[in-house]
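In what follows, a single structure is set out as structure tokens and then discussed.
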Amino acid sequence: MRRFLGIAALITALWSGYWLMGKTAVERGFAAVLSQAPANGVQITEAGHSVAGFPGRFGLTVTEPHVADARSSLAWQSPFVQVASLSYKPWHVIADFAPEQRLTTPLQDISLLSDPLQASVVVSPGPALALQQITLAGSGLAARSSLGWAVAAQDLRFALNADPTTRDAYTVGLDAANVAPDAALVALLPDLPAVIEAAKLDAVISLTAPLDRFAAETRPRPSALLLREMSVTWGDLSVLASGDVTLVAGVPEGRIDIRVTGWRHLVTFATTTGLIKPEVAPTALGMMEAYASGSGDPNVLAMPLVFAKGQMRLGPLPLGPAPRFD
């Protein structure tokens with residue numbers, strides 16, 4: 001028994017020493033983030049922080065964090081954020097967010113509400129800490145803008161995983177249920193319910209640089225998008241899209257095939273929002289009816305969204321200059 005107690009005391013002492021070393025490493029790492037951020041155009045301030053969780057985890061709690069990016073004029077702030085990792089697996093981090101956060105942009109302030117919201121981040125052990133996986137899950141989500149709009153979702157699941165088959169590429173998945181669009185949008189589509197039943201995304205995005213601890217310096221930007229599937233189900237309106245787009249000097253080139261069931265709702269929306277002038281609406285409706293007749297179901301419209309030579313067109317309809325991603 002004495003020998004057993006001695007071994008137990010030794011193991012406890014060794015683990016306590018390991019945990020204290022890990023605690024010190026977390027504190028130094030956080031201090032390094034604060035001191036190095038300005039060199040990358042980012043300002044990070046906080047009211048205080050602490051590390052706890054002995055013996056099983058390292059838990060960092062930051063009070064009143066505020067992060068501002070001078071280049072994009074974006075800022076984020078929150079009453080607190082808690083970041084933790086298991087003592088034996090420090091490369092897997094779990095973050096818990098406050099019920100209310102605020103995102104500031106050059107155009108508006110957005111309040112983010114959730115109950116609860118949790119993220120998980122896994123990186124590869126090594127000097128670069130290359131990102132392997134991000135997951136985000138929340139319920140009771142809502143976003144409210146200083147411009148007056150609001151959107152909410154009952155459940156949201158997001159995942160980003162490093163693609164093992166392609167360099168600097170990541171699979172992206174999104175699954176949202178019972179999404180309540182802004183009331184102004186719902187008013188423009190009176191024949192649809194107030195809630196979007198489901199929205200899903202399955203895609204692969206390629207970047208110009210990896211997502212790792214050097215990302216603040218390399219500034220990864222999209223270089224290609226493989227859209228395996230994007231779908232929205234909203235009453236009798238459903239949208240299904242897939243395609244492949246590459247970016248050439250920041251300008252998209254490629255094609256996304258879109259299949260819309262209940263497409264007449266889109267004509268109503270485009271007319272009420274001024275995207276289509278009322279006098280042009282009958283012509284656009286006739287063109288789309290002719291296009292839909294080729295699908296075998298007049299309620300289904302299948303059209304490609306084409307990006308070519310800096311321009312966009314939806315089927316035969318020109319949409320103007322394509323967006324740039326510089």
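The values are calculated or read from the model by the stated rules, or taken from the named source; none is laboratory data. In this text the structure is predicted, and so the values were computed from the model without any measurement. Cβ atoms come from the backbone with ideal geometry, glycine included; neighbour counts cover every protein chain shown.
Could you check, for the range 227-238, whether at least one of its residues is β-branched (Val, Ile, Thr), in a strand (DSSP E or B) and under 22 Å from the mean Cα position of the chain (by Cα)?
Going residue by residue through the range 227-238, those that are β-branched (Val, Ile, Thr) are 232-233.
Those left that are additionally in a strand (DSSP E or B): 232-233.
Going one step further and asking which of them are under 22 Å from the mean Cα position of the chain (by Cα), we end up with 232-233.
Yes, there is a match, as at least one residue in the range 227-238 is β-branched (Val, Ile, Thr), in a strand (DSSP E or B) and under 22 Å from the mean Cα position of the chain (by Cα).
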Do we have residue 50 as surrounded by fewer than 17 Cβ atoms within 10 Å (Cβ to Cβ), among the polar types (S, T, N, Q), modelled with pLDDT under 95 and farther than 28 Å from residue 124 by Cα here? no
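Within 17 Å of the chain's Cα centre (by Cα) and touching a residue at least 12 places away in the same chain (Cβ under 8 Å), is that true of residue 194?
Details: within 17 Å of the chain's Cα centre (by Cα): no; touching a residue at least 12 places away in the same chain (Cβ under 8 Å): yes.
Answer is no for this residue.
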Considering every residue within the range 195-202, establish whether at least one is modelled with pLDDT of 95 or more and in a loop (DSSP other than H, G, I, E, B). yes
With respect to residue 136, is the statement that it is over 25 Å from residue 161 (Cα atoms), among the hydrophobic types (A, V, I, L, M, F, W, C), surrounded by 16 or more Cβ atoms within 10 Å (Cβ to Cβ) and within 16 Å of the chain's Cα centre (by Cα) true? no
If only one of 164, 181 is crowded, with 16+ Cβ neighbours inside 10 Å and free of Cβ contacts under 8 Å to residues at least 40 places away in the same chain, which one is it? 181
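Please specify each residue of the range 39-86 satisfying the condition of being of a type in the set (Asp, Glu) and in a strand (DSSP E or B). If you could, list the steps in order and put the result at the bottom.
First pass over the range 39-86, keeping only residues of a type in the set (Asp, Glu): 46, 64, 69.
Within the range 39-86, 69 is the sole residue that qualifies.
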One residue from 223, 231, 238 being surrounded by 16 or more Cβ atoms within 10 Å (Cβ to Cβ), closer than 30 Å to residue 264 by Cβ and of a type in the set (S, T, N, Q): 238
I need every pair where a residue in the range 299-326 that is under 17 Å from residue 270 (Cα atoms) has its Cβ under 7 Å from the Cβ of a residue that is of a type in the set (Phe, Trp, Tyr), sequence separation at least 6 or different chains. 301/263; 301/291; 303/291; 315/291
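Touching a residue at least 40 places away in the same chain (Cβ under 8 Å) and outside the structural domain of residue 70 (by TED's automatic domain parsing): does that describe residue 229? Before the answer, list the steps.
Values: touching a residue at least 40 places away in the same chain (Cβ under 8 Å): no; outside the structural domain of residue 70 (by TED's automatic domain parsing): yes.
No: the conditions fail for residue 229.
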